[in-house]
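Presented below is the structure to which this report refers.
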Amino acid sequence: MAVFRYVRDGRAHSLSFVPPARIPDLLRQAGLAFDFPCGGRGACLKCRARLTGAVSPMDAREESLLSGAEHAGGVRFLCMATALGDCEAVVDPAGDEAVETGAPERFSPQPWGRTLGAAFDLGTTTIAGALYSLETGRRLATAGMRNPQRAFGADVMSRLDAAEAGRGDALAQAARSGLRGVLDALCARAGVSQADVDSAVVAGNTAMLYLLTGRPVSSIARAPFEQDEHFGALMDPRLAGLPEGMQVFLPYCLSAYIGADTAAALLAARFIGPEGLTEGPPRLLADIGTNGEIALSAGGRLLCCSAAAGPAFEGAGISQGMPARDGAVWRVALRDGVPQAQVLGGGHALGLCGSGLLETAAALLETGVLDESGRLRDGAYTLPGTHVTLTQADVRALQLAKAAIRAATEVLLAEANTRACDVAELAVAGGFGGGLRSRPTQAVGLFPPELTSRMRALGNGALAGAAMALLSRPFRDAVARRPAQARTVSLATHPLFMDAYVGAMRFGRA
């Protein structure tokens, strides 16, 4: 037997193991959170850490990817190393995770719980939670953390592949430990006992709810992608890692890729309610995260689709990408024609979050450093006064992500025979949406230009909608079923999507 030690934020953990063993596998066995956005395949190059002891030597590729200073400091890519005996990984402090919690609009509570309730958004990237007094409807605390499932990959498909490869139990335990951790933090911050939390609503996309509850994922991982469970009911709290005896409700999932998070966001944006679809002029909802869900309410119909945007808008898959926390470039302004970075927290720039990525591209388009085809002059650009560099590969990742969102929006408008200029509002949900500004959004071409002046930041719509379902039985009933006249549009088979997608790869206002 050998011992693996893992040190983060000054806290050490250890695990006995039989060598040889891959470092990512040891981290997972120990239940320790570490991000492997590519699932540990050596593609994203995000898993740098100091690694010492009896480990496999570097191959030529790993040596070429590390700087001389990193070599001297014992830095390795954890997914490229195998533990051969006693060894230790030391990770730099992670910092606090910034989590967009959102809040529902005011309404009169009609709770189905008794004392305290918790609302959760089980996101692909982060888990956010809020604790409420069911009697008054007052929010008592908020908390969030990275989804521990990130150790299996940054995107949904990586995790579905891992589940099909026999890691379903580990994925379920990772999600449950995350929900427990957020509940612990909520109760500690509010100064209450978990025994008084008698009800909870957990929103998440369809894949997240399948993985949380330990269901076989083949129905949503393979064509024709028709799930065998829609949820929309109370569940055994143990399947969510929550205390026995708690009432736990999961909202309805409209399709394999239009999940309970979208249903909750539709409730928060008041697209749906206890009486069904809300009447009025055409309105769009865009919930932009690792996946992009778009919904259009028009002419008494609700059309929904899911766009595979990838994790670029959340900072993953970008060479110096990071979540929207202290140190992230989130705004870029031109001063005398020179891009100037604005950093969350006001300190040194450490990387680009999603809105910073978009604003950097918009600024470079205006200065001519980046052209509409996506070609970046000299192949890279470092923001003045920082060490944060945008690469050509980063630009391509942004193009792929924004093209998916733009094309999905255009397909829904065409399907409803509705023009962008007739849409009264574009409600943008998610942490990325909260950082969007009209001018750079239009410059990049994320949405049709008529919509950028009509954007409204919804915040975390999934969490806000989950809170509404927690605090009101009529709102809970509204997300316990498929809304009347709702239809999911498949982009993969839609005749307009590919042309719209290719056209949307170009930057610009058209």
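A compact table of results
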| quantity | calculated |
| --- | --- |
| Amide H contacts of V388 (H built 1.01 Å from N, under 5 Å, at least 5 apart or other chain) | L383 |
| Surface accessible to a 1.4 Å probe, per residue, for the residues of the range 206-331, Å² | 33 |
| Accessible area in square angstrom per residue, the range 465-510, 1.4 angstrom probe | 51 |
| Rounded accessible area of C44 (nearest 10 Å², 1.4 Å probe) | 40 |
| In Hz, Karplus ³J(HN,Hα) per residue of the range 433-442 (6.51, -1.76, 1.60; θ = phi - 60°; x = Gly, Pro) | x, x, x, 6, 10, 4, 5, x, 4, 6 |
| Protein accessible area in the chain, 1.4 Å probe - carbon and sulfur % | 50 |
| Amide proton proximity set for A328, modelled H, under 5 Å, gap of 5+ | L344, L350 |
| Accessible-area value, L15, 1.4 Å probe, nucleic acids and ligands omitted, Å² | 40 |
| Phi to ³J(HN,Hα) by Karplus 6.51 cos²θ - 1.76 cosθ + 1.60 over the range 326-332, Hz, x for Gly, Pro | 3, x, 8, 6, 10, 9, 9 |
| Residue-span extension gain [A484 to R167] - 0.36 nm each, minus C-alpha spacing | 110.4 nm |
| Of all DSSP beta bridges in the chain, antiparallel share, percent nearest 5 | 65 |
| Of F4, L470, L254, farthest towards positive along the dipole that unit charges on Lys, Arg, Asp, Glu beta carbons give the chain | L470 |
| Dipole magnitude (debye, nearest 20) for the chain, charges at Cβ of Lys, Arg, Asp, Glu | 300 |
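The values are calculated or read from the model by the stated rules, or taken from the named source; none is laboratory data. Worth saying up front: this structure is predicted, and the values here are computed from it rather than measured. Quick reminder, even Gly has a Cβ in these numbers, built from the backbone with ideal geometry, and neighbours come from all protein chains shown. Accessible surface is based on the protein model in full, side chains and every heavy atom, while ligands, DNA and RNA are left aside. Shrake-Rupley method; radii C 1.70, N 1.55, O 1.52, S 1.80 Å.
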